[in-house]
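Colleague: The structure follows.
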Amino acid sequence: MRTGWPCLLVRRGPSKTSYVGEAMILDVDLNSLTSFVNLIDDRIAALHDSPESFELVVDNLEYMTGLGFVACQGYLTATMGCVSDKAALLACGPKHRTGESMATLVNACANFWKHCDEWPENKLSPAQQRTADRVGCLGINRESSYPMATALGELVDPQRPRFAGLLDCLTRWRVELHAQQSA
């Protein structure tokens, strides 16, 4: 397991901070994610108010939402580093009402968006099936219309479907993960 945590590095510029016990965590990766999801959320809001055709708007919305999930997955990966039991680390943190951890679901949504179009029609690999099952608990399958927009709404319900609603969950995941690794 990796011992150097990027969120413990001190870099110049304002950063998000949180505490584990008396130790301050300076999370540079969260700053970058926050900036990016703010751009995504602004674009999502603009698309909701767009006078363009419904189909064009929802197609763009789906693409922007998929990118948001991939950005969140990048944060999860950067925080975990190179580990042997990724599933155990993703299981930390806040839980969704389905019982799955929010980090696990965010990771599954990103994988689904990136890879489902290349999956075979009849027989999924074990990793593909795990991803399909995890997004399935959000009511999404390969035939779903606009699965990423649906997933975001399910993950942040009752809030508006914006990635800013996931940032607190990802921060709490990181704090729990660090506390667990420090114990």
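Colleague: Select one label from (i) 46; (ii) 21; (iii) 30: the one whose number is percent of Cα pairs over 30 Å apart as derived from the coordinates shown.
Modeller: Recomputing percent of Cα pairs over 30 Å apart here gives the entry labelled (ii).
Colleague: Then there's this: Relative contact order of the chain, please, whole-number percent, based on alpha carbon pairs below 8 angstrom and at least 6 residues apart.
Modeller: Details: 209 pairs, mean separation 43.6, N = 183.
Worked out over the chain, it gives 24 percent.
Colleague: Projecting each Cα onto the charge dipole of region 36-182 (Lys/Arg +1, Asp/Glu -1 at the beta carbon, about the Cα centre), which of Asn38, Leu89, Leu152 comes out farthest on the positive side?
Modeller: So the residue furthest toward the plus end is Leu89.
Colleague: Which is the longest run of the chain containing none of the GluC sites (Glu not before Pro) found in DSSP loop states (not H, G, I, E, B) with at most 11 other C-beta atoms within 10 Å?
Modeller: Result for the longest clean stretch: 53-120.
Colleague: Using Cα atoms only, what is the angle between the long axis of helix 164-182 and the major principal axis of the chain, expressed in degrees (0 to 90) to the nearest 10?
Modeller: Once rounded, the angle reads 40 degrees.
Colleague: I would also like to ask the following. May I ask which residue of Thr77, Pro126, Ala179 lies farthest towards the positive end of the charge dipole of the chain, with charges of +1 (Lys, Arg) and -1 (Asp, Glu) on Cβ and the Cα centre as origin?
Modeller: Result: Ala179.
Colleague: What's the longest bit of the chain with no exposed trypsin sites (Lys or Arg not before Pro), using DSSP loop states and at most 12 other Cβ atoms within 10 Å as the test?
Modeller: Of all site-free stretches, the longest is 13-96.
Colleague: May I ask for the distance between the Cα centers of region 100-123 and region 134-183, given as a whole number of Å?
Modeller: Each part reduced to its Cα centre gives a spacing of 13 Å.
Colleague: Using the Cα centre as the reference, give the magnitude of the dipole from point charges on the C-beta atoms of the chain (Lys, Arg: +1; Asp, Glu: -1; all else neutral), rounded to the nearest 20 debye.
Modeller: 720
Every number here is computed from the coordinates shown, using simple stated rules; none is lab data. What you are looking at is a predicted structure, and each value in this text was computed from that prediction instead of being measured. Backbone-built Cβ (ideal geometry, glycine too); neighbour counts: all protein chains shown.
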